[in-house]
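Engineer: Just passing along the structure, written as C-alpha cells.
What follows draws every value from the coordinates through simple rules; no lab data is involved. Predicted, not measured: the structure shown is a model, and the values here were computed from it. Because the Cβ atoms are built from the backbone with ideal geometry, glycine has one as well, and the counts that use them run over all protein chains shown.
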Amino acid sequence: MVKLKVFDVEKKAILIDNTKDNPNNLDTISINIIDFDGEVYILKTLVYPDLNLMEVLRNAEFHMGHCGGMALCASCHCYIEKDNIKLIDISSEEEDMLDQLFTFNQTKSRLICQIPLEKSLDGINIRIVKD
C-alpha cells in the first residue's frame with residue numbers, strides 16, 4: 001500500500017499496477033481515484049491512444065460505463081479534482097447529461113468516457129460520484 005494525500009483525506013491507497021506488460025513501450029501514467037465508498041486507489045496504467053478514462057477504470061474493475069461510453073447514462077460521472085490538468089472541453093451532449101444530475105458540480109463534474117487517455121493526465125485526481 002502507498003500513502004496518498006489527495007482529496008483532503010489522508011488514507012492508505014490501494015495500488016493497481018497495470019503497467020507490467022508493456023511490449024510496445026507505451027507511456028505510463030498514474031490516476032488517483034477515490035471510490036464512492038471512500039476507498040483510495042492509485043491506478044498505474046499504460047497510455048493506449050484509442051482508450052478513454054472510463055475504459056481504463058472499467059478495465060480495472062470499477063463499475064461504470066453502462067452505455068459503452070456514449071455519454072448517455074452518466075454511470076461514469078466523476079469529479080475531477082486537480083486544477084492543473086487541462087482537459088478537453090465539455091461537448092453539448094456531455095453537458096446535457098450532466099445538467100440532469102442532482103450531484104452536478106459546475107467546476108468539477110465530467111463524464112470520464114468523454115476524456116481521451118493522454119500522457120497529460122498523469123497525476124489526475126478523480127472522485128467517483130454515486131448518482
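Engineer: For the range 2-128, calculate the relative contact order in percent as a whole number, restricting contacts to Cα pairs under 8 Å that are 6 or more residues apart.
Structural biologist: 31 percent
Engineer: Moving to a separate point now. Kirkwood hydrodynamic radius (Cα pairs, Å) of the chain?
Structural biologist: 15.0 Å
Engineer: Go ahead and collect, in residue order, the members of the range 7-50 whose backbone nitrogen is under 20 Å from a label point 7 Å along the Cα-Cβ direction of ASN84.
Structural biologist: Taking a point 7 Å out along Cα→Cβ of ASN84, the residues of the range 7-50 whose backbone N falls under 20 Å are 7-10, 28-34, 42-45.
Engineer: Collect residues whose amide H, placed 1.01 Å from N in the peptide plane, falls under 5 Å from the amide H of LYS11; neighbours closer than 5 in sequence don't count.
Structural biologist: Excluding prolines and chain starts, which carry no amide H, the hits are LEU4, VAL6.
Engineer: Based on Cβ point charges of +1 for Lys and Arg and -1 for Asp and Glu, what charge dipole magnitude is obtained for the chain about its Cα centre, in debye rounded to the nearest 20?
Structural biologist: 540 debye
Engineer: Using r as the Cβ-Cβ distance of ASP50 and ASP17, and R0 as 30 Å, what FRET efficiency do you calculate, to the nearest 0.05?
Structural biologist: 0.90
Engineer: Could you rank the peptides 44-51, 26-33, 71-78 by their average count of other C-beta atoms within 10 Å per residue, with the highest value first?
Structural biologist: Ranking the peptides 44-51, 26-33, 71-78 by packing returns 71-78, 26-33, 44-51.
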